[in-house]
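What follows is a set of notes on a single structure, which appears directly below.
What follows is calculated from the coordinates using simple rules that are stated; it is not laboratory data. Just so it is clear, the model here is predicted, and its values are computed rather than measured. With ideal geometry, Cβ positions are generated from the backbone for all residues, glycine too; neighbour counts draw on all protein chains shown.
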Amino acid sequence: MSALQIKKGSTKHSAYNLRSTFSDVEETHTIAVLVENEPGVLARVIGLFSGRGYNIDSLTVAEVDHQGRLSRITIVTTGTPQVIEQIKAQLGRIVPVHEVHDLTAEGGSVERELALLKVSGTNDKRVEALRLADIFRAQVVDSTLESFVFQITGTPEKVDAFADLMRPLGLSEIARTGVAALARGL
Amino acid sequence: MTRQMTGARMVIQALRDQGVDTVFGYPGGAVLPIYDELFQQNDIQHILVRHEQAAVHAAEGYARSTGKPGVVLVTSGPGATNAVTGLTDALMDSIPLVVLTGQVPTFMIGSDAFQEADTVGITRPCTKHNWLVKDTAKLSATIHQAFHVAMAGRPGPVLVDIPKDVQFASAEYQPKQKAPTGHYQPQVKGDMEMITTLVEAIENAERPVLYTGGGVINSGPGASKLLRELVEATGFPITSTLMGLGAYPASGKHWLGMLGMHGLYEANLAMHGCDLMINIGARFDDRITGRLDAFSPKSRKAHIDIDPSSINKVIRVDIPIIGDIAHVLEDVLKVWKARGSKVNREGLQKWWARITEWQKVDCLKFKPNDGAIRPQYALSRLEALTKDRDRYITTEVGQHQMWAAQYLGFEDPNRWMTSGGLGTMGYGFPASIGAQVAHPDALVINVAGEASWLMNMQEMGTAMQFNLPVKQFILNNERLGMVRQWQELLHGQRYSQSWSQSLPDFVKLAEAFGAKGILCSDPADLDDAIMEMLNHDGPVIFDCLVEKHENCFPMIPSGEPHNKMLLGEAKTKDAIGSKGAVMV
């Protein structure tokens, strides 16, 4: 099947529609879901993913509009274009879901994650850890004579890279928030 | 005017404001305040079932035969868990239900109290939406919202869990108009550009077929009317899923019969060979499509559905239209007429000539047997003797269900109630009770198999208590016929656990409940026996002993495409390949 899909006579072309939704190449998408902040709404979203066998690479949730009682769930997921389309449609039909945005398809997004890393060591390793942290602009938020807790923010890839470097230097624990994302531009 | 009242009274008031006349239910500790309120009024009748699963199926029968939401009231814990099968059934078949469950008081939730279950947790994946109401002030608005969600867009079951202290406490009643139905307003109008694309396809198609489903029924009688108008005006052949029978009349001259795994030869070959498939309110279920990569290989496909998640779920379509069937069909007809009501007459003529050849195969023909009653014969006679009556049919699940779909003709929507998606044995009897409650003077027949029927046979008590003259037409082959058929085709004729042993004497069983029982085993007696059943004013168990090893044909073996159908008693050994064997 051709990767291009152009409907004859359609006036609604966007670059997104040119992609075949039935390609079997897996893609990673970041999806933002605005939901009513009511009990069980997160369970509905997670239940949808587990019940229908979709992947969750990362999921974050927090209230973003206290007065309007809205929470924003940011999900990073991997699947074929058809699966991604299904995920969006299935999310959209959950009753307390107000909006579903595929940030990846809608022109890209800024994505950030925060991580805390505990690195224990002495002497050279300790100095090297501190030096690398500086390069990555990670901050020391807790320190003992034998350990640091670093705080780093950035893309998941940056956090991965930093964690990989810290591993031989005594990385003992890591906590990550998962991805928060906003669409670029207006 | 502010109206203070208890939560329990609010429930009754909200049901009344929603126009509810019937509730199917079973009392228990956590719903006693609501039952107390029910006792003190006469607007809403309560049908006491004998098992909560049956309450939900009965409400489904009520909903499907009226187009109104069915209402269920059950207690906490086991009451709620027993309702789960019915909820799942209604979710799969898009049947609007409002199920009210009692719950332990809010201060005991989470303490493993007596008859406590996490009802909203358990039913979250098997309802369209559910609510746990922890504050009486929100109860009436939540119930109104529940009715809105059950009916809006693609219908489905919803559940409201009401703790006992919320039923006792008082608050102000919120009328229907004030309920927060706000943001949940699914789109009903189709995209006009896509509708125009569909009309162009209709004008040019050489080999079109309309493939309709339960969505047409759910969209209301107006949708069926528009569908009939479209079919008559274009002359296109039409087939339907199990769920959609009756939207187009079986006596209509463009009717090809049901399609799918046990669908008609002409319907399935038309689907395979068409160049334009218009799916109206169906969902490309696996019973319909067979092998996906060989499904209708040469057609452009249009799909009209109110649920965006149905589009491109399993089959890629060329013309997706999201909207309510009635609204979309109205626009399709409008645009098509405005453009001159054109179709490809020449192409259609050739297409019908081919279809007529397929119809000549007469895939449902059978030889009446002198010895035992053949199930096909039993249903043909039932059809002949009841088709002119005001008739509602329900079924259980299995071979009898497929034969009923093949041999009974449905002229109108909302006359046929069967468990399509979930395939719930035990559905038909309580569903027949629900249909009979909604239509007290109509003829309601449950076409059953003996094994399915036994799964909810306790409902004989309900039928007797409420004088519901439901006819239980049991095709008794003393086998789990469909299981047996698959074991014959797939598992080397090793009939593991698929026979019905220690069956009751159905006539005596009927008499034990105070009902009428009829036994028939000879084809020569069948017509008289059926007439005796029809003429009896009260519930009847009709034990129709049929040929024990009859298989249901035509059949598309699983894992095969539409054009690889098995007809009749042709060679069926190893009909299902190893790939198909893993499917159900």
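Miscellaneous remarks
- Put in order of Cβ neighbour count within 10 Å, fewest first, the listed residues B:His144, B:His57 become B:His144, B:His57.
- Highest-fluctuation residue, A:Asn37, A:Asn55, A:Asn123 considered, GNM on chain A with Cα pairs under 10 Å: A:Asn123
- Remark: segment B:402-491 carries a charge dipole of roughly 100 debye about the Cα centre, counting +1 on each Lys and Arg Cβ and -1 on each Asp and Glu Cβ.
- Per-selection Rg to Rh, segment B:36-90 - Cα, Kirkwood hydrodynamic radius: 0.99
- Reciprocal of mean inverse Cα separation for chain B (Kirkwood radius, Å): 24.8 Å
- Comparing Cα centroids, segment B:513-553 and segment A:20-62 end up 52 angstrom apart.
- Ranked by how many other Cβ atoms sit within 10 Å of their own Cβ, fewest first, the residues B:Ser310, B:Ser240 fall in the order B:Ser310, B:Ser240.
- Each residue of segment B:500-506 was assigned a 3J(HN,Hα) from its phi angle through the Karplus curve 6.51 cos²θ - 1.76 cosθ + 1.60 (θ = phi - 60°); the sequence is 9, 9, 6, 6, x, 7, 5 Hz, with glycine and proline shown as x.
- Built amide H within the under 5 Å cut-off of B:Gln174, gap 5+: B:Ser140, B:Ala141
- Residue order, fewest to most beta carbons within 10 Å, for A:Phe49, A:Phe150, B:Phe107: B:Phe107, A:Phe49, A:Phe150
- Over 54 Å [Cα-Cα, the protein assembly as shown], rounded percent: 17 percent
- Here's the picture: charge each Lys and Arg Cβ at +1 and each Asp and Glu Cβ at -1 in the protein assembly as shown, and of B:Ile530, B:Ala141, B:Thr356 the one pushed furthest to the positive end of that dipole is B:Thr356.
- What the Cα atoms of segment B:74-167 give is an Rg and a Dmax of 12.6, 38 Å.
- About the centre of its Cα atoms, segment B:4-178 shows a dipole size close to 440 debye [charges on the beta carbon of Lys, Arg (+1) and Asp, Glu (-1) only; nearest 20 debye].
- Relative to one another, the C-alpha centroids of segment B:179-228 and segment B:264-320 are positioned 15 Å apart.
- Net charge contributed by nearby residues that have their C-beta within less than 12 Å of B:Gly409 (K/R +1, D/E -1): -1
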